[in-house]
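Let me begin by presenting the structure, written as structure tokens, before commenting on it.
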Amino acid sequence: MTIHRILIANRGEIAVRVIRTCRALGIETVLAASEADLDSAPSKLAHRTLCIGPAHPSESYLKADTIVQAALGVEADAIHPGYGFLSERTALARLCEEHGLIFIGPTSGQIEAAGDKLRARSEAEAAGVPTVPGDAVERTGEALALGRKIGPPFLIKAAGGGGGRGMKKVDRLEDLPEAMELAAAEAGSAFGDTRLYLERFITRARHVEVQILGDGQGSVVHLGERDCSVQRRYQKLIEETPAPTLSEEFLSRIRDAAVQFAERLAYRSVGTVEFLVDLERDAFYFLEMNARIQVEHPVTEAVSGLDLVAEQIAVANGQGLRLQQESIRLEGCAIECRLNAEDPAHDFRPSPGTIRSVVWPAGEGIRVDTHIGPG
């Protein structure tokens, strides 16, 4: 099946990004927008804009059935979920599969396997990829026994989510019971899933992730790594490639491990396999997989010269991998930083407002991905 028309189920910068690639490929775009985004930059770029509900995301961008019905109504061939919202929810991918729509991303089964941290950890172990010492814990007794085995400090994590929610660092064994109770409550509220797992906290760590691309038939290539160790509240602020100060031999092993994990899932589309580097032990461990395109994908595009959205579409269109590992050339370096509107007087909480004017930097090697403008 050839993709002629794509419904874009997202907003903001990523919607602009997808529309630009579709235009270059001669593919018609329909933007699925909430009432708040009908006059946005993506709506001006898309061939057509369709209102899918009220401003609140729970009534628009997070309603999988509404999005699928919208795609069927405009006779779209495919849906691109962007990132966030429903991009890593099995519901949208599964509905696409049931209604004969192409989901530009992994299969619902792959999203499920990658999204559940316990299952992803199990898949990594089966693929021969190292994981942080630890395990799932259901009861306080189990946690205390495991804690004695691996030794403090510990990290409690939510099995069904990310972004730092449901995550607690614990320095002493005796503090585990209370921390588990708080983590379970937070995870239940954020993800509707109270399952937890406990692992060793890596004191001197680096966060390195590998961009991969798979055809869904078992063939996978990597497009290098990104170092995203500069974070606050478990949110990435700066991403960089290549990862500085790590040897080429060490990075080669991380890249190979990412490919092994993706091959285990017979992964389709672009994805990112994340690792924690233990500087004290000269080791690395599987963290998780993001089964979607990421905010920091331009870093990889800058050094590879590739359009990752175009590669997503090609794989979804049944063209398979258009790249061989030996033909991929990663040249130079790239850094991306995220700008956040925050209030420093109130613990840097989000503080959006009306943008009065915008002046973007320009020059060789500078790229700005955005949807904002004056007003």
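The values are calculated or read from the model by the stated rules, or taken from the named source; none is laboratory data. In this text, all values refer to a predicted model and were calculated from it rather than measured experimentally. All Cβ positions, glycine included, derive from the backbone under ideal geometry; neighbour counts span all protein chains shown. Ligands, DNA and RNA are excluded from the accessible area calculation, which covers all protein heavy atoms including side chains. Shrake-Rupley method; radii C 1.70, N 1.55, O 1.52, S 1.80 Å.
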**OP:** Sort out which residues of segment 63-117 are farther than 21 Å from VAL18 by Cα, touching a residue at least 40 places away in the same chain (Cβ under 8 Å) and open to solvent by 10 Å² or more (accessible area, probe 1.4 Å), and write them in order of number.
**Re:** GLN110, GLY115, ASP116, LYS117
**OP:** Taking the residues in segment 247-281 that are open to solvent by less than 70 Å² (accessible area, probe 1.4 Å) and without any contact (Cβ under 8 Å) to a residue 24 or more places away in the chain as candidates, determine which candidate is farthest from the chain's Cα centre (by Cα).
**Re:** SER247
Original post:
Filter segment 344-375 for residues that are among the charged types (D, E, K, R) and surrounded by 11 or more Cβ atoms within 10 Å (Cβ to Cβ); which is farthest from LYS44 (Cα to Cα)?
Top reply: ARG367
**OP:** Go through segment 1-113 and tell me which strands (runs of 3 or more DSSP E), entirely inside it, have 1 or more residues that are touching a Pro at 6+ places or on another chain (Cβ under 7 Å) and of a type in the set (Ser, Thr, Tyr).
**Re:** 28-34
Original post:
Can you tell me which of ILE156, ILE202 is in a strand (DSSP E or B) and not charged (D, E, K, R)?
Top reply: ILE156
Subject >> Answer residue from segment 1-42, given it is open to solvent by 70 Å² or more (accessible area, probe 1.4 Å), out of contact with any Cys (no Cβ under 9 Å at 6 or more places or on another chain) and not charged (D, E, K, R) and is modelled with the lowest pLDDT among those >> reply: MET1
